[in-house]
Structures are given as structure tokens and as C-alpha cells.
Amino acid sequence: MEEFHVIGAGGIGLAIATSLYKAGKKVLLIENNPEKIAFCKAHGAMVDNQSFPINIEAFENWAPCPNVVNILCVKCYNNDEILKKTNAQTLLLPIQNGFDERLTSLPLIGEGIASFISECAPKKTIANITRSGKLHLGPTQPWANMPFLFELKTALRQGGIDSHLVAWSLPYKNTKLMYNAAISPLTSAGGLENSALLKTGKLRALFFQFLLENHAILKASNQPMGTIGPFHPDKVAWLLNHKWLGESMAPFFRPSLKKTYCSMFHDVMGGATEIENYNGYLSRLAKTSKSPSPLNDIALKVIKQMASERSMGNVHWLKALLDAF
């Protein structure tokens, strides 16, 4: 495939679009924010201070085309409007953090799981990679569509993204969920940067317990997990269950999270979040496997309330989570 529509000109969308453009692919950005569209037409798509003349089109005017790969780089709560325009022949490849059960019934050509952080300026097509990491590319069914995914991985690498081909996307998606479903509600509730979770104190203890709960739910549900970062999730759980080991290692990981924020941090003030696709999904898994999920349940309740009030994270909301610990 030589032509791609990248839907969503946020941090990840801009990183993917500019990478494919640098690899010589034909790329069209799809966006619904008129200010972003105007900025891109005037200044291009910019990542890490490099600008690229990538074409952009309003989502309302977009329609999927035959033999064009549509890469979904939007939040899961935006999938509804996209799916209304697609059909069984549409080539879809999501790069999303949450689990959207509506996508599981579709013939996706693959998925991407990003462990790097790309933050986008409001109302502009400007992004910066604030934390380096990999993009795991894989099929939703083991070993399917591997030739195409290999070609895509090669193009993204050529364009500067550290992409890796895996035999199955699900294990890596589960692992990313294990981390995101602990980081996102805690930092969003407190209005905190990600590194705050590894500072000594009650919040760090709660974060570690959250990770253990997420790991236990996934294990009880027989969900496969892959390695993202230096350790497999089973090893992470073992380290956290040996309290002194987890606490002694935290200071070494904290600097890499400085000045990084989860995407849910700003979403709560807009009234829509992916909390159902993170903690809601884990809560539903837990009920099926009869695994306890008290932290996921309270996180779901708190973030939903914050979103309904369009509230910024603060001490009050964080205390609601800490008190449940």
C-alpha cells in the first residue's frame, strides 16, 4: 500500500503521518478541528520542530477509498462517527490505547500499540515526542496480514519511528492497558504529571497496588501479555509484590516520566474520556472472571463524575481515590 489516510491530527497522528511522508508514502491527514486544519494548511504538520507539507481534509468531507489504509489515531470515543462512514471493505488499522469492543468484530488489518509519548499543541498541528519508545505493529489474529504489516513497519522505521513487527497485537495491547488504566485515572484525578506517581508516599503505593490489580484481572481472564519496556508484566508484578524491590527501582524510572502527561489529563475538562475503554473494560473483565476490581471501579466512578462536571484534576478528586486505598 502506498496511500494512507491518518485520521486524527493529534500527537500520535502527526508522528505517524510525518513518518510515512518521510518514507515517500502518499499521506492525507483527516481532522475535525477547523483551527488545526487552517494551521496545517498554512504551516504544515510539525513534529520535533520539523515541518512537512502534508495535505489535510475536514472529517465531514472525508470518505474511505478503496486500497487506502485508514490509520485511526483518535480516542476511542471518536470511533462512533468514523465507523458510520466505513464498511467491511474499509482497510482499518487503529493505533489506540483503550479497548473498543465494537472494533473486535471488524476485519482490521492490524493494530499499533505505541509506548512513546507524542504531545500535541492545542488547536495546532505541532507535536513533540516527550518520551521515546516503540510502536508494536501486529495483526488482531495471530500471523495474519504479515507481509503488509512488515511493509508498514519498514516504512515507519524509514521515517524515524522505532516500529517492531509482532505476531499478535493483543498481548501488547493488554500490557499497555495494564499501565494506562493505572496511570491515567490517578494523574487525571490529581492534575499531576506522570512522574508524580513514582514519588515516595501514599500515591506511589496506590499506583503499585493499581498495577497489581490490573495484572491480576488480566491473568484471571487468561489474557496474554507481551513485554513493553524492560520487564514482562509478570516480572513487574513479582517486583511489586516484593515491596522493597519495587520501591528501590522507582527512582530510576521517574526521570523518564518528567513533564509527560496522559491523554486523559485534558479530556476530563472536555467532558469525554476513554475511562470506559480503560478501567471500564477491566471492570467488565473482572466481573466475568470473578476477580476483585475495587480500584478500577472507584476510578471509573471518579473520572466519570469529573467529566460530567468538566472539572480539572485537583486534591479533592485525588483524595477520593486515595481514601479508597
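The values are calculated or read from the model by the stated rules, or taken from the named source; none is laboratory data. Nothing here was measured: the structure is a model prediction, and the numbers come from that model. For neighbour counting, all protein chains shown are included, and Cβ atoms are generated from backbone atoms with ideal geometry for every residue, glycine included.
When you check LYS85 against the structure, is it at negative phi and of a type outside the set (Val, Ile, Thr), yes or no?
Details: at negative phi: yes; of a type outside the set (Val, Ile, Thr): yes.
Yes.
Please specify each residue of segment 35-57 satisfying the condition of being within 23 Å of the chain's Cα centre (by Cα) and among the acidic types (Asp, Glu). Correct list: ASP48 only.
In summary, SER283 fulfils each of the numbered conditions (1) assigned to a helix (DSSP H, G or I); (2) touching a residue at least 60 places away in the same chain (Cβ under 8 Å); (3) crowded, with 16+ Cβ neighbours inside 10 Å with the single exception of condition (2).
Could you list, in sequence order, all residues of segment 189-236 that are assigned to a helix (DSSP H, G or I), touching a residue at least 60 places away in the same chain (Cβ under 8 Å) and farther than 18 Å from PHE252 by Cα?
ALA189, GLY190, LYS202, LEU206, GLN209, PHE210, GLU213, ASN214, ALA216, ILE217, LEU218, ALA220
Here the condition is being touching a helix residue (DSSP H, G or I) at 6+ places or on another chain (Cβ under 8 Å), modelled with pLDDT under 95 and within 18 Å of ASN97 (Cβ to Cβ); of THR260, THR273, THR227, it holds for THR260 alone.
Here is the figure for segment 183-206: residues that are within 15 Å of TYR261 (Cβ to Cβ) and either under 19 Å from the mean Cα position of the chain (by Cα) or among the charged types (D, E, K, R) (or both) total 13. Looking at the structure I just gave you, is ILE82 more than 15 Å from the chain's Cα centre (by Cα), part of a helix (DSSP H, G or I) and surrounded by 16 or more Cβ atoms within 10 Å (Cβ to Cβ)? Yes, satisfied. Restricting attention to segment 29-63, the residues that are part of a helix (DSSP H, G or I) and in contact (Cβ under 8 Å) with a residue 12 or more places away in the chain total 10.
Name the residues in segment 251-265 that are part of a helix (DSSP H, G or I) and either buried (at least 19 other Cβ atoms within 10 Å of the Cβ) or under 14 Å from the mean Cα position of the chain (by Cα) (or both), would you? Selection gives LEU257, MET264, PHE265. Of the listed requirements (1) within 20 Å of SER184 (Cβ to Cβ); (2) at pLDDT 95 or above, ALA58 misses just one: (1).
Suppose the filter is crowded, with 16+ Cβ neighbours inside 10 Å, farther than 26 Å from ASN279 by Cβ, out of contact with any Cys (no Cβ under 9 Å at 6 or more places or on another chain) and hydrophobic (A, V, I, L, M, F, W, C); does ILE161 pass it?
Details: crowded, with 16+ Cβ neighbours inside 10 Å: yes; farther than 26 Å from ASN279 by Cβ: yes; out of contact with any Cys (no Cβ under 9 Å at 6 or more places or on another chain): yes; hydrophobic (A, V, I, L, M, F, W, C): yes.
So ILE161 passes the test.
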